[in-house]
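Here's the structure, in structure tokens; my notes come after.
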Amino acid sequence: MKQKTDVLQGTLALMVLKTLDVLGPLHGYGIARRIEQISGDLLAVNQGTLYPVLLKLEQEGAIASEWGASENNRRARFYRLTRAGRVQLQAETHGWNQTAAIIGRFFAVKAEDLS
């Protein structure tokens, strides 16, 4: 049985933006479940962490929201990516790719490479 890991601080906003970019408008619960699903159920998204991130992204203009009906016909707030959010997603993706490449160098280095 897999043990779920909490989402690393600073990565949830990027995951939210990418999820909305790929899947289109979703309500908060749907975003959380999709992030968990995409991770292969290795990540756990805490609702108490997700909603402040959604609020922050909305205040920054990266996402917008409107009320609608969920799959089970309950009232839910649906979030969508804005143009500014697409720009932010592109910039953050570049930053994470650059960071991953740098970390990859540390895992690949051998002592003889440094002499």
Low-density loop GluC sites (Glu not before Pro), the range 3-72, at most 10 other Cβ within 10 Å, DSSP non-H/G/I/E/B, are 71
Considering only protein heavy atoms and a probe of 1.4 Å, how much of the accessible area of the range 8-74 is carbon and sulfur, as a whole percent? 56
Checked the range 10-80 with the C-alpha gyration tensor, a ≥ b ≥ c its square-rooted eigenvalues, rounded below a/c of 1.5, otherwise prolate if a/b is larger than b/c and oblate if not; verdict oblate
Aspartates and glutamates with Cα under 14 Å of residue 110, excluding same-chain neighbours fewer than 8 positions away: none
For labels at residue 100 and residue 38 in the simple 7 Å Cα→Cβ model, what's the distance in nm? 1.2
I'd like the Karplus ³J(HN,Hα) series for the range 80-86: coefficients 6.51, -1.76, 1.60, θ = phi - 60°, whole numbers in Hz, and an x wherever there's a Gly or Pro. 9, 6, 9, 4, 4, x, 5
So, for the chain, what is the accessible surface per residue at a probe of 1.4 Å, expressed in square angstrom? 71
Report, ordered by chain and residue number, the aspartates and glutamates lying within cross-link reach of residue 56, taken as a straight Cα distance under 18 Å and ignoring same-chain residues fewer than 8 apart. 21, 66, 92
Using the Karplus equation 6.51 cos²θ - 1.76 cosθ + 1.60 (θ = phi - 60°), what ³J(HN,Hα) coupling, rounded to whole Hz, does each residue of the range 65-78 give in order, writing x for Gly and Pro? 9, 8, 7, x, 9, 7, 4, 9, 6, 9, 6, 9, 8, 9
With all protein chains present, calculate the accessible area of residue 115 using a 1.4 Å probe and round the result to the nearest 10 Å². 130
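The values are calculated or read from the model by the stated rules, or taken from the named source; none is laboratory data. Being a predicted model, the structure only gives us computed values, none of them experimental. Note that we place each Cβ from the backbone using ideal geometry, even for glycine, and neighbour counts take in every protein chain shown. The protein model used for the area step is the full one, side chains on, heavy atoms only, and it has no ligands, DNA or RNA in it. Shrake-Rupley method; radii C 1.70, N 1.55, O 1.52, S 1.80 Å.
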